[in-house]
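The values are calculated or read from the model by the stated rules, or taken from the named source; none is laboratory data. Keep in mind the model is a prediction, meaning the values are calculated, not measured. Glycine also receives a Cβ, built like all others from the backbone with ideal geometry; neighbour counts cover every protein chain displayed. Surface accessibility is based on the protein's heavy atoms, side chains included, excluding ligands, DNA and RNA. Shrake-Rupley method; radii C 1.70, N 1.55, O 1.52, S 1.80 Å.
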Amino acid sequence: MRFCLNIDHVATLRNARAEIQPDPVTAALIAEQAGIDGIVVHLREDRRHINERDVRLLRELITTKLDLEMAAKEEIIKIACDVQPELATIVPEKREELTTEGGISVIDNITLLKSTIKDLHKYNIEVSIFIEPEIEEINAAAEVGADYIEIHTGTFANAIIEAEQFDELEKIRIAAKLAKKLGLGVNAGHGLNYLNMKIFRELEDIDEVSIGHAVIARAVFVGLDRAVREMIELTR
Ligand code: PXP
């Protein structure tokens, strides 16, 4: 399983004081030195953490790959086409949410997603759609022309009862297998951490995980290099 680090919360800490430190771009370079497979940032419409300067500098400086999480909104699509990340991950976005709360419904947004993907493909940007592990959603993701899906793992991560966690893992396993059959790449993310990755990594059809909060939180205590290396160890 490849592991891409989401560095949004380095920017959250920087913005808490309107300071220049800690710089998410520096964090990306340290994570690359530690062996990460790619860097993920979510350029939100309200710019609460990552800003345009971060995205453009990351584009210039990182040597792995850039995954730009984004809403399918005109302003952000324009920036994505200009910056040309290797991957754009389409997510639903609500201003009042603390973090992305779940997958986008592809079924309810067929026209919007088709045109967004067409625009991004013109600039050779591969497109992933963040969705729930539901059969109909995966079929719809293939129909609108996505290259990847990212399976929302929040329900798995938040499950308190073991049986509930197991059920959700099964759903993800079936969803990932179907996506592979349809020719889609399979990423996964949200709420993955050092404990639940021990179970999650057993899934065969997941190409890549996108993890942020758990690693940045651990980095506060042990340093980013060690926090990243420990997660890499778990994903391999
Ligand atoms: N994938 C997507 C689409 C997300 O929105 C997020 C949160 O920004 C993540 C993965 C990473 O989630 P976490 O920070 O809980 O690891």
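Could you look at the chain and say what percent of its accessible area is carbon and sulfur, using a 1.4 Å probe and all protein chains?
Ligands and nucleic acids excluded, carbon and sulfur give 52 percent.
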Q | Pairwise label distance in nanometres, Lys122 with Glu74, each label 7 Å out on the Cα-Cβ vector | A | 1.4 nm
**Q.** Under-5 Å amide H pairs with Ala88, H placed in peptide plane, nonlocal only
**A.** Leu68, Glu126, Val127, Ser128
Q: Could you check the simple spin-label distance between Gln84 and Val220, using points 7 Å along Cα→Cβ, in nm with one decimal?
A: 3.9 nm
Q. In square angstrom, what is the accessible area per residue of the stretch 51-129 with a 1.4 angstrom probe?
A. 50 Å²
Q. How much accessible area per residue does the stretch 136-236 have, in Å², with a 1.4 Å probe?
A. 48 Å²
Q) Taking every eigenvalue of the Cα gyration tensor of the chain, multiplying by 5 and rooting it, what semi-axes result, largest first, whole Å? A) 25, 23, 16
**Q.** Distance between the stretch 1-33 and the stretch 125-185 - C-alpha centres, whole angstrom
**A.** 27 Å
Q.
Suppose we keep just the alpha-carbon trace of the stretch 161-236; what are its Rg and Dmax in angstrom?
A. 13.6, 42
Q.
So if I take the centroid of the Cα atoms in the stretch 52-112 and the same for the stretch 193-231, what is the distance between those two points in Å?
A. 22 Å
Q. In the structure shown, do any of Lys114/Lys171; Lys94/Lys122; Lys78/Lys177; Lys118/Lys198 have a Cα-Cα gap over 31 Å, and if so which?
A. Lys78/Lys177; Lys118/Lys198
Q | Efficiency of FRET between Ala16 and Thr63 - r from beta-carbon atoms, R0 22 angstrom, step 0.05 | A | 0.15
(Q) Can you order the peptides 166-177, 13-24, 183-194 by their average number of other Cβ atoms within 10 Å per residue, highest first? (A) 183-194, 166-177, 13-24
